[in-house]
Amino acid sequence: MIPCGEIHHLRLTVTDVQRSREFYTHLLGFEVIVESPPPEDPAAAETFKVLFGGVVMTRGNLIMGLRPMAPPADEFHPDRVGLDHLSFSVPGRADLEQAIRLFDEHGVTHGEITGLAAFGIDVLSFEDPDGIQLELTAPAPAPADA
């Protein structure tokens with residue numbers, strides 16, 4: 001058995017790195033920690049082999065890269081092989097409710113808060129600018145005493 005631990009990092013392929021960067025930094029609080037140098041920079045060719053013209057961001061213990069390699073008209077589809085969705089933890093239901101307000105203000109496509117009692121969580125699904133399915137997951141409130 002391989003002793004796998006937590007997810008170390010992930011990279012999303014996007015159509016427009018600037019648009020996706022704004023989404024993840026402004027709405028979800030990621031911080032850019034590594035950027036691709038401009039094409040005229042002597043290090044650009046070597047860096048492209050790793051970053052593919054994208055950026056690396058962090059939030060808490062999660063490292064996430066954005067790789068702008070998809071054709072402009074391409075879009076995510078959850079029924080193809082690969083990623084179905086990515087879920088980010090939030091402290092509580094109030095954070096899910098606040099997210100709905102922010103998503104509405106910014107025109108972000110989202111669902112409703114859904115309770116998954118069997119898992120003890122509430123989830124709010126939403127999409128990034130390329131239609132990648134994302135979720136916010138909060139612990140469900142404790143049931144009221146009878």
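The values are calculated or read from the model by the stated rules, or taken from the named source; none is laboratory data. Predicted model, so just to flag it, every value in this text is computed and none were measured. Because the Cβ atoms are built from the backbone with ideal geometry, glycine has one as well, and the counts that use them run over all protein chains shown.
Before moving on, here are some points about what is shown:
- Of all residues in the stretch 27-43, at least one satisfies being under 18 Å from Gly131 (Cβ atoms) and either not charged (D, E, K, R) or not in a loop (DSSP other than H, G, I, E, B) (or both).
- Some residue of the stretch 55-73 being closer than 18 Å to Phe126 by Cβ, part of a loop (DSSP other than H, G, I, E, B) and not β-branched (Val, Ile, Thr): no
- Residue count for the stretch 1-24 satisfying the condition of being surrounded by 11 or more Cβ atoms within 10 Å (Cβ to Cβ), in a loop (DSSP other than H, G, I, E, B) and either touching a His at 6+ places or on another chain (Cβ under 6 Å) or of a type in the set (Asp, Glu) (or both): 1.
- Restricting attention to the stretch 25-39 and to residues that are in contact with a strand residue (DSSP E or B) (Cβ under 6 Å, 6 or more places away or on another chain) and surrounded by 14 or more Cβ atoms within 10 Å (Cβ to Cβ), the residue that is modelled with the highest pLDDT turns out to be Phe30.
- Flag for Thr58 being within 12 Å of the chain's Cα centre (by Cα), more than 18 Å from Ile132 (Cβ to Cβ) and not aromatic (Phe, Trp, Tyr): yes
For every residue, the table says whether it meets (1) at pLDDT 95 or above; (2) in contact with a Lys or Arg (Cβ under 8 Å, 6 or more places away or on another chain); (3) farther than 28 Å from Thr13 by Cβ; (4) among the hydroxyl-bearing types (Ser, Thr, Tyr).
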site: Gly92; (1), (2), (3), (4): no, no, yes, no
site: Glu105; (1), (2), (3), (4): yes, no, no, no
site: Leu134; (1), (2), (3), (4): no, no, no, no
site: Ala142; (1), (2), (3), (4): no, no, yes, no
site: Asp145; (1), (2), (3), (4): no, no, yes, no
